[in-house]
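The values are calculated or read from the model by the stated rules, or taken from the named source; none is laboratory data. Since the structure is predicted, the reported quantities are computational estimates derived from the model, not experimental observations. Positions of Cβ are backbone-derived with ideal geometry, glycine not excepted, and every protein chain shown enters the neighbour counts. Accessible surface areas use protein heavy atoms only, side chains included; no ligands, DNA or RNA. Shrake-Rupley method; radii C 1.70, N 1.55, O 1.52, S 1.80 Å.
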Amino acid sequence: MDANELIRHYVAGNRDFLQVSLRQAHLNEICLAGINLSQSDLTGAALSAVNLRGANLSEATLAEANLWRADLSEAFMIWANLYKANLIRASLFKVDLHKATLAKADLRLVDLRYADLSNTNLEGADLRYADLSGANLAGANLSKANLTGAKLSKADLYKVNLTKAILSRTDLCHADLSSINLDGVDLHEANLIGANLPESSSSRAN
């Protein structure tokens, strides 16, 4: 199935496109709200400013896809593969990314408020100035991630892996960091007002 065929079927009222192949497809600025693309292959797809609100992308492959400014609010993306995907300024408000792969993804300035990122792989992800307020990050892998200037207020950080992560100027106001090993984590100029820190840590918290 190519992009034009998908759009034609979608406009006709079809929403179910399980396991379709759309590798390198061009779907920029298209409205596909509520579409079911679970287990589909969208590797390298062009999806800039696409509307995928409430879409089902569970177990879909979006590795290296361009989702710049895409709207994925309240989408279901459990087990999705977004390795090295471009999600700059995307809206992922209340998205379900439980156990998804976002390793080395570009998530700068992304809206991840109240998203479910539990047990998600975000190793090496670029999350500079992302808004993760109220997000569920329990058990997530954020090792080597860059969270400079990110907002993590009221986020669930239970047993998050922050090995070699950068949290410079990150908003951790009232965050519970007691279950996290912060050794070697860069917390330079982070907002730690009211934060619950581990009893012993050699982290930089200047």
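Distance between the modelled labels on residue 3 and residue 16, one decimal in nanometres: 2.7 nm (7 Å Cα→Cβ projection). Normalised by residue number, the volume inside the convex hull of the Cα atoms of the chain is 73 Å³ per residue.
The length gained by stretching the chain between residue 193 and residue 179 to full extension, at 0.36 nm per residue less their Cα-Cα distance, is 3.3 nm. Placing dummy labels 7 Å off each Cα toward the beta-carbon, the span from residue 49 to residue 119 is 3.8 nm. Gaussian network model of the chain, Cα springs within a sub-10 Å range: biggest mean-square fluctuation belongs to which of 17, 93, 76? Comparing 17, 93, 76 in a Gaussian network model of the chain, the most mobile one is 17. In region 51-141, a dipole from Cβ-located charges (positive for Lys and Arg, negative for Asp and Glu) runs towards its positive end, and of 61, 85, 109 it is 109 whose Cα lies farthest in that direction.
Of the residues 124, 34, 13, the one that moves most in a GNM of the chain with alpha-carbon contacts below 10 Å is 13.
Probing with 1.4 Å while keeping every protein chain in the model, the per residue accessible area of region 63-206 equals 45 Å².
In region 90-206, a dipole from Cβ-located charges (positive for Lys and Arg, negative for Asp and Glu) runs towards its positive end, and of 193, 181, 97 it is 97 whose Cα lies farthest in that direction. Summary value for region 1-157: 13 percent relative contact order, contacts being C-alpha pairs under 8 angstrom separated by 6+ residues. Placing dummy labels 7 Å off each Cα toward the beta-carbon, the span from residue 164 to residue 31 is 4.6 nm. Comparing 35, 166, 180 in a Gaussian network model of the chain (Cα springs below 10 Å), the most mobile by mean-square fluctuation is 180. Placing +1 on the Cβ of every Lys and Arg and -1 on the Cβ of every Asp and Glu, with nothing else charged, gives the chain a dipole about its Cα centre of roughly 240 debye. Rounded to the nearest 20, the size of the Cβ-charge dipole of region 66-163 about its Cα centre is 240 debye, with Lys and Arg at +1 and Asp and Glu at -1. Return the carbon/sulfur percentage of the accessible area of the chain, one whole number, probe 1.4 Å, all protein chains in place. Carbon plus sulfur share of accessible area: 45 percent. Taking a quarter of the surface of the Cα convex hull of region 1-96 gives a mean projected area of 4.7 nm².
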